[in-house]
Amino acid sequence: MIQNKKLLLLSSAIIATSVIAAPIAEASTYTVQKGDTLTKIAKANGTTVQQLKAQNNLNNDLIFIGQKLVMPNSSNLNEAKSKGTNKPSSEVKNNGSNNNQATRDVKKETTSVTSKSQQNNLKEAKTATYTVAKGDTLTKIAKLFNVNVAQLKEWNNLKSDTIFIGQTLKIGNSSTTADLGEPVQQAERDKLGETNKQIEEQLANEASILSNTLGEGQVVYDKVIEIANSLLGTPYLYGGNTPAGFDCSGFVRYVYAEAGLNIVRKSSKDYFFNDTTVVESPVPGDLVFFKDTYEKGISHMGIYIGNGEFIHAGTKAVELTKLEYEYWDSHFVAFKRFKQLNSKY
């Protein structure tokens, strides 16, 4: 009777362990590589984008290099099983009285399959960074990379949630994690490629201004520099175009209008494509344009004042800054001049 009870307990343990281990054995992970999209990954693994998003709690199609996605019914783990990597049944037979140990063994073996891939990624890894853009918050950035705010603050030694445009944030701890890289979203990449092409074509089609002399227009530029300097410290205001507050194009328009050049209020993108001409050798008073700051394409502008410096409506106020700063240097597009100035003088 006692022997029968032992056999019954052993059989129950084997069945229970199989139930516990099965979900673990069926779920593997895939590490996102350069060029991957959810569609590509889904096709390669015989699943759908919707299933991938549901399995990984993704709210959109955004993924990033180094991200680990759970792949249900993945062939990767089945292949590992065929090679004898996972051995839950043998562990149960050898120690049927310890269900927890069998489950731990399965988890350990499953993890080893993923860790090899992670180690390969680490060999080519470099510290991942993200440049803060207009409208960003730590919460927004954390969601973008599927991490949390506490991690971002720890990785960047932040004491508060305050961040600023142009700030470079580390994504991940390079000493313990693989490179997360840049967000992977094919539609955004295509859009960026088209935008860059449009900018290049626009500049190529313009007849560059080679002369750095303005003639009578120099009077306007002298006033431009004087007025721009007098407005330093004016608070930033989205859509603002008066001394009560400025955004970048509103600031430029106000300064030039006060200096005697009557121009229509437009966006920096409109000014770039429709109202200005590229300058080969800029002089103080010319315009400077930037791309991909808070949105794709031409998105910011300022007034060049010489010596590698420009005045613009920054995140908090009108300010003087240097073109050599890493952020502005990496987003710089061109120096330009209002066509109206050329035709008038």
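The values are calculated or read from the model by the stated rules, or taken from the named source; none is laboratory data. All values reported here derive from a predicted model rather than from experimental measurement. Cβ: placed from backbone, ideal geometry, glycine included. Neighbour counts: every protein chain shown.
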_Matching residues, the range 140-153, being in contact (Cβ under 8 Å) with a residue 12 or more places away in the chain and over 20 Å from I65 (Cβ atoms)_ = V149, K153
*Conditions (1) at pLDDT 90 or above; (2) under 22 Å from V219 (Cβ atoms): number failed by G314*: (2)
_Number of the exception - N59 against (1) under 15 Å from F145 (Cα atoms); (2) modelled with pLDDT of 75 or more; (3) part of a loop (DSSP other than H, G, I, E, B)_ = (2)
